[in-house]
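Bear in mind that the values in this text are calculations on the coordinates, not laboratory data. What you are looking at is a predicted structure, and each value in this text was computed from that prediction instead of being measured. Neighbour counts run over all protein chains shown; Cβ positions are idealised from the backbone, glycine included.
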Amino acid sequence: MSILPAERAIDLPVFEEQKGFRCIGTRVPRSDGPDKAEGRYDYLADTRYDKTLWGVILGSPHAHARVKAIDASEALKIPGVRVLTFEDAPDRLYNSGEWFPGQKDHPDERVLTGHARHVGDRIALVLAPDERTARRARDRVAVDYEVLPPLVDPRSLEGAPVPLHEDGIVSFPGRLSFGDVDGAFGRAAHIVEDTIATPKIHHAAMETHAVLAIPRPEGILELHTPCQILFGVQHAVAAVLDLPLSRLRVIKAPMGGTFGGKQEVVYEPLCAWAAVTLRRPVLIDTDREETMLGTRTRAATLGRVTTALDEEGRILARRFDVLLDAGAYLSGSKKVLMAMGKKTSRLYRIPAIRYEGRAVRTSTTPAGACRGYGSPQIHAITEIHTDLLCRRLGYDPVDFRLKNLVHPGDEDPSGASGLGNARIIDCLRQGVAAFGWERRSRPTAFGRSRRFCRGAGFACCTHGNGYFGTIYHDVTGMSLRIMEDGSIVLRTALHELGNGTLTAMAQIVSEVTGVPPGRIVVTEGDTQSSNYDVGCQASRVIYVCGECARLCAERALERLCEEAGKAWGEPARFEDGALTVGGARIPLAEAVTRVMTATRSPIDVQVEYRPERNPGSYGVHFADVTVDTFTGLVTVNDFLAVHDVGQAVNRSFVEGQIYGGVQMGLGMALTEELAFDERGRPSARNFDKYHLFNAPEMPDVRILLVEKGEPGGPFGAKSIGEIATVPTAPAVVNAVNRALGTELTHMPLTPARIVEALSKRSELEA
């Protein structure tokens with residue numbers, strides 16, 4: 001058997017827990033906080049260059065249609081207006097989720113198209129000196145469409161009468177398996193099966209999508225974009241335009257949130273092509289409707305999971321059959337599908353798993369990366385199923401999980417990277433005590449006619465820390481210079497996504513050097529000046545990039561001691577923020593200045609770092625809810641989030657990620673869904689009909705951190721940003737089901753779905 005028995009686990013690499021951190025774990029304020037809070041922070045839409053043209057997308061009003069004719073003559077009568085259509089655009093296919101050469105994802109997208117495959121698909125780009133004129137001109141472009149039958153339901157695998165794509169491919173299969181699945185099911189004492197549905201969700205970042213392209217006189221195309229993968233944008237745009245990478249400079253613009261929505265290129269190739277074609281700076285800045293219809297979503301999934309158990313309640317095997325709605329273009333959906341499969345072996349000790357899935361292209365908004373990259377979907381599927389399984393077989397849900405959860409040091413039986421210091425059992429045990437699970441686990445009913453039902457639920461989860469052990473490379477490079485006045489510049493290719501990344505990096509450097517974070521500048525990405533990095537994605541920033549920052553700081557101090565030894569002719573060491581040489585303590589600034597004067601050598605180092613492992617981050621969320629059985633409305637009364645973070649770099653940032661993650665997960669559970677009718681028309685185009693889980697509805701979120709130090713992470717730290725949202729939705733669904741005695745499995749749990757389930761239960765009881 002490829003998985004370790006319950007009574008033993010492999011030895012972990014030794015992590016010497018450090019006490020008395022100077023900066024790590026403290027609540028250093030964000031460096032960009034005041035400007036953002038007071039409205040002084042300039043985003044890309046606030047930027048203007050001389051002769052900039054404002055670009056507005058002309059999107060298809062139909063979910064599936066071919067353009068028979070397009071007439072821009074009335075629009076072109078407006079002074080300063082230019083119109084670029086699919087007829088002008090390069091006929092080059094690309095995949096917007098391909099980040100680097102050799103990835104070989106299926107190409108099926110063009111910068112503009114005459115064959116619309118979803119409402120909002122890009123037909124033309126209308127440009128003018130200002131936004132108002134551009135939008136007025138867009139309304140004057142006349143398009144004659146041949147409307148075609150859409151494919152809206154991914155379960156309709158026979159496809160539409162007219163294929164969405166000329167390649168005729170409807171679905172993209174994916175499969176993972178290990179162990180003797182059939183044998184395990186053959187000897188199982190119990191077999192339980194459920195089907196769980198998760199919704200298509202809008203990222204809802206405060207900043208909508210924007211990009212600015214500037215053709216420079218020296219033959220360089222300059223692209224400013226609030227993206228997550230700087231070098232990925234460079235690769236994608238260069239491929240579409242057939243430009244040498246050296247001629248394309250991508251600069252990370254200030255970002256107003258992403259949650260995965262700006263991981264894949266969307267408008268960057270179009271904006272770059274328009275700027276090159278017109279030889280003018282071009283800005284594309286979308287409104288909420290354009291972002292909701294034309295960018296990316298969290299993929300909706302339908303997952304059937306079947307579990308085989310022995311007499312003692314140990315999991316012998318699991319089978320998965322997952323259908324994922326990719327939307328109109330494949331983008332990153334196949335990768336999301338496979339990421340879901342890879343999580344199935346990293347939470348519970350399961351000796352055998354068979355995972356089969358299909359990503360299906362439909363006439364809906366394309367899906368792609370979204371916070372958790374498949375983890376919220378697969379953990380909703382497994383944790384709702386696990387709770388229902390326990391109820392049907394009479395298992396205590398806590399005891400069942402404790403019996404089956406992974407242990408620190410376990411290997412992944414699929415052959416992926418080991419799980420590391422996996423503290424999921426600690427999270428569950430501490431959470432059960434802090435939440436008062438024993439008291440709350442018994443549902444209650446109150447009010448006239450027992451109208452209100454109260455219950456509690458929880459869900460466990462895991463997520464990764466980068467790409468190590470996958471087919472994708474995980475590498476980052478940074479350089480660090482200690483200046484003559486003792487301040488520090490850390491040059492990175494990072495992107496501040498709004499979560500405090502730059503400040504956290506400064507704290508890591510500060511811990512090593514003793515230099516206050518306020519005297520440390522961390523630069524953001526620029527492909528012309530930054531070392532290569534694979535992007536702010538895959539929960540790799542703290543674990544991978546943070547470790548690179550730590551190594552940079554250490555090597556800079558080593559370099560300082562080496563050069564000081566040459567200058568003084570005696571051994572030198574750095575301790576407590578100063579250089580000690582020849583019995584004298586020399587402050588850092590003075591030491592650097594004297595070394596540079598004596599040796600003409602700046603204290604400047606460069607580090608390229610590749611992680612050696614990809615451990616798991618773990619968490620358990622607990623929810624207490626009340627359900628109004630008359631209206632179907634759910635109130636979340638109390639919420640506890642317990643997370644294994646290794647070591648918090650900045651407690652305020654960790655808590656902020658958890659607060660935001662819980663809010664996003666509550667929306668997934670109860671309110672948020674991008675639905676489409678039979679003609680492929682979206683149910684919502686703005687926040688008036690797309691129901692976010694808003695601040696007044698939020699419960700008090702209590703947070704409990706398990707900090708046991710993860711070897712390989714900077715000072716023991718590992719990821720929190722994505723996993724913070726992963727177990728929230730199934731915890732709430734489990735709480736509602738326990739309160740009502742129902743088996744709801746289709747999210748979101750809207751009032752209508754809850755009332756319908758209660759009505760069906762009443763009919764059956766009658």
Net charge, Glu554 excluded, C-beta distance under 14 Å - Lys, Arg +1, Asp, Glu -1 | -1
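Placing unit charges on C-beta atoms (Lys and Arg positive, Asp and Glu negative, everything else neutral), compute the dipole magnitude of the chain about its Cα centre in debye, rounded to 20.
Its charge dipole is roughly 680 debye.
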Mind ranking 165-171, 502-508 by how tightly packed they are, going by the mean number of other C-beta atoms within 10 angstrom, highest first?
-> 502-508, 165-171
Mind checking the full-extension length gain between Thr444 and His746? Use 0.36 nm per residue of separation minus the Cα-Cα distance, one decimal, nm.
-> 106.4 nm
Sorted by mean Cβ packing within 10 Å, highest first, what order do the peptides 232-241, 375-384, 603-612 take?
-> 375-384, 232-241, 603-612
Suppose R0 equals 25 Å; then what is the FRET efficiency for Ala142 and Met206 from their Cβ-Cβ distance, rounded to the nearest 0.05?
-> 0.10
Can you give me the P(r) profile for the stretch 77-160? Cα pairs, bins 5 angstrom wide beginning at 0, each as a whole percent.
-> 3, 12, 16, 17, 18, 15, 10, 7, 3, 1
Taking the Cα-to-Cβ direction at Leu245 and at Ala598 and moving 7 Å from each Cα, how far apart do the two end points lie in nm?
-> 4.1
Restricting things to alpha carbons, find the Rg to Rh ratio for the stretch 475-609 using the Kirkwood radius for Rh.
-> 1.00
Mean Cα-pair separation over length for the chain, i.e. relative contact order, pairs under 8 Å, 6 or more apart, % | 16
Could you compute the FRET efficiency for Ala197 and Arg679, with r as their C-beta to C-beta distance and R0 at 22 Å, rounded to 0.05?
-> 0.55
Given charges of +1 on the Cβ of Lys and Arg and -1 on the Cβ of Asp and Glu, with all other atoms neutral, how large is the dipole of the stretch 475-609 about its Cα centre, in debye to the nearest 20?
-> 140
Mean shadow of the chain, computed from the convex hull of its alpha carbons, in nm²?
-> 35.4
Percent of beta bridges antiparallel (DSSP, the chain, rounded to nearest 5) | 75
Among 520-532, 662-674, what's the highest-first ranking by average C-beta atoms within 10 angstrom per residue?
-> 662-674, 520-532
